[in-house]
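Enquirer: Dropping the structure in here first, questions after.
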Amino acid sequence: MKKNTFHKILREFSSFLLFFTVVGFAVTCCMMLFLTVLSADTGIVYTSENIENAAKITFLNVVIITVLFKTADFIRRKIMVDKPVKMITDATEKIMNGDFSIRVKSIHGSGMEGFNQVGESINAMAEELSGIETLRSDFIANVSHEMKTPLAVMQNYGTLLQAPGLSEEKRIEYAKTITESSRRLADMMTNILKLNRLENQQIYPNLAEFELGEQLCESLLQYESLWEKKNIEIETHIDDGVFICADGELLSIVWNNLFSNAFKFTEEGGKVTLSLTADENYATVKISDTGCGMSAEVGAHIFEKFYQGDTSHATKGNGLGLALVKRVIDIMEGEIGVESTVGVGSTFTVKIRRNANGLEKDG
Ligand code: ADP
């Protein structure tokens, strides 16, 4: 028998014993009082008059005992029911008004286990809500901050464009800057929407079989003009025929972001390496670069929303790319890790299941 069940039975039994003793005591007192009053007047001769007299005194005794019990019960209710209920209603009212710092204190004593359980659940709920509130306000602050810079740029260059007698060269330069800023804003909005959809789990893995090497090459080729411009060397080691069953569209978010970062953070003349290996169950993709690398401190935060470790490239991103990557990997129940050395480069390693059929469709 479990220890908890044993304690429960013991508690019920002791409460039964208590009731039995109290009721037994009251009934015995009444009976004894009745008999004492009866025999005090007439010895063992019972007349209707002394029976009535004894009954009246016993009745009065019952009334007094009832009042005593009622008072004791009233005090018990005040301490064991009304006080905890007030604590709970006060706490829930404060939570309703947005104060998530409130915590219900536990009450010691037997019979308070139920209340303490409710209190613990309320405390857990308040903690969870406070975390969500912090995330929400941080998110709004970050979005507003990220929007301010491109909007200010657009405003300033828009004003400059209105100046009379502007040379053709300047006009094109200002218009380009405005286009670039609006592209940044649009990119950020697209990423926020994607992240929101992924976080609210409105996207379900849309499984299909495809060759992973082919998808990686397609994604890499999108950056051809960039690597040619920066004279970056490309090296690939791709195992042939690595077919996987996964959501290709979701997975392409991962490769696009990892390649985009690799090319962004690698200086001219550097190198980006792609490798794909697989065993029976898992496919492992490594994307390495010889870029600026990152410290362990930066590495610990890169998957957080809006985090940008390298501010010199801040205008080319918004810190949402790796948050998106991490979310996709989590949905696919895969793994992602990074090894990096400042000034030497970084390697991102992604491990995913070759057959995602085992994943829960609603994950
Ligand atoms: P962003 O779009 O601003 O680059 P990410 O979420 O993609 O945002 O990346 C977050 C941060 O992670 C970057 O600001 C950078 O500090 C770091 N980072 C990501 N990839 C690399 C890389 N290949 N080399 C060096 N640092 C990187």
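The values are calculated or read from the model by the stated rules, or taken from the named source; none is laboratory data. Note that the coordinates shown come from a computational prediction; the quantities given were computed from them, not determined experimentally. Counting neighbours? That spans all protein chains shown, and the Cβs are built from the backbone with ideal geometry, glycine included. Surface areas here come from the heavy atoms of the whole protein model, side chains and all, with no ligands, DNA or RNA. Shrake-Rupley method; radii C 1.70, N 1.55, O 1.52, S 1.80 Å.
Enquirer: Open to solvent by less than 90 Å² (accessible area, probe 1.4 Å) and part of a loop (DSSP other than H, G, I, E, B): is that true of I178 in this structure?
Expert: Values: open to solvent by less than 90 Å² (accessible area, probe 1.4 Å): yes; part of a loop (DSSP other than H, G, I, E, B): no.
Spelling it out, it is not the case that I178 is open to solvent by less than 90 Å² (accessible area, probe 1.4 Å) and part of a loop (DSSP other than H, G, I, E, B).
Yes/no matrix, rows are residues, columns are (1) surrounded by 11 or more Cβ atoms within 10 Å (Cβ to Cβ); (2) touching a Phe, Trp or Tyr at 6+ places or on another chain (Cβ under 7 Å); (3) under 27 Å from F306 (Cα atoms):
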site	(1), (2), (3)
K94	yes, no, no
I102	yes, no, no
I107	yes, yes, no
F115	yes, no, no
M125	yes, no, yes
E128	yes, no, yes
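Enquirer: Within the range 144-203, how many residues are under 30 Å from I331 (Cα atoms) and charged (D, E, K, R)? Walk me through how you get there before you give the answer.
Expert: Taking the range 144-203 as the starting set, the residues that turn out to be under 30 Å from I331 (Cα atoms) are 144-147, 183-203.
After this cut, where a residue has to be charged (D, E, K, R) as well, the list is 146, 183-184, 187, 194, 197, 199.
Going through the range 144-203 one residue at a time, the tally reaches 7.
Yes/no matrix, rows are residues, columns are (1) part of a helix (DSSP H, G or I); (2) of a type in the set (S, T, Y); (3) under 23 Å from K326 (Cα atoms):
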position	(1), (2), (3)
L195	yes, no, yes
E214	yes, no, yes
S219	yes, yes, yes
S225	yes, yes, no
D240	no, no, no
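Enquirer: Being outside any helix (DSSP H, G or I), touching a Ser or Thr at 6+ places or on another chain (Cβ under 9 Å) and more than 30 Å from F19 (Cβ to Cβ) is the requirement here; does S130 meet it?
Expert: Numbers: outside any helix (DSSP H, G or I): no; touching a Ser or Thr at 6+ places or on another chain (Cβ under 9 Å): yes; more than 30 Å from F19 (Cβ to Cβ): yes.
Judged against the criteria, S130 is not a match.
Enquirer: Would you call S167 closer than 30 Å to N191 by Cβ and free of Cβ contacts under 8 Å to residues at least 40 places away in the same chain? Let's see the steps before the verdict.
Expert: Working: closer than 30 Å to N191 by Cβ: no; free of Cβ contacts under 8 Å to residues at least 40 places away in the same chain: yes.
For S167, the condition - closer than 30 Å to N191 by Cβ and free of Cβ contacts under 8 Å to residues at least 40 places away in the same chain - is not met.
Enquirer: Evaluate the range 95-115: report whether one residue or more is among the small types (G, A, S) and in contact with an Asp or Glu (Cβ under 9 Å, 6 or more places away or on another chain).
Expert: Let us first name the residues in the range 95-115 that are among the small types (G, A, S), namely 98, 101, 106, 109-111, 114.
Cutting the leftovers down to in contact with an Asp or Glu (Cβ under 9 Å, 6 or more places away or on another chain) gives us 98, 106.
Looking through the range 95-115, at least one residue is among the small types (G, A, S) and in contact with an Asp or Glu (Cβ under 9 Å, 6 or more places away or on another chain).
Enquirer: Kindly list, by first and then second residue, each pair from a residue in the range 56-80 that is more than 28 Å from F34 (Cβ to Cβ) to a residue that is open to solvent by less than 90 Å² (accessible area, probe 1.4 Å) and at pLDDT 85 or above, limited to pairs with Cβ atoms under 9 Å and residues at least 6 apart or on different chains.
Expert: Listed by first residue and then by second, the contacts come to M80/F115.
Enquirer: Return yes or no: is I51 of a type in the set (A, V, I, L, M), modelled with pLDDT under 80, more than 30 Å from I122 (Cα to Cα) and surrounded by 13 or more Cβ atoms within 10 Å (Cβ to Cβ)?
Expert: Numbers: of a type in the set (A, V, I, L, M): yes; modelled with pLDDT under 80: yes; more than 30 Å from I122 (Cα to Cα): yes; surrounded by 13 or more Cβ atoms within 10 Å (Cβ to Cβ): yes.
Judged against the criteria, I51 is a match.
Enquirer: Here's something else I'd like to know. Within the range 238-248, does at least one residue satisfy the condition of being farther than 28 Å from R136 by Cβ, within 16 Å of the ligand (Cβ to nearest atom), in contact (Cβ under 8 Å) with a residue 12 or more places away in the chain and open to solvent by 20 Å² or more (accessible area, probe 1.4 Å)?
Expert: No, the range 238-248 has no match at all.
Enquirer: Can you tell me which residue is nearest to N257 (Cα to Cα) among those in the range 167-213 that are out of contact with any helix residue (DSSP H, G or I) (no Cβ under 9 Å at 6 or more places or on another chain) and of a type in the set (V, I, T)?
Expert: T190
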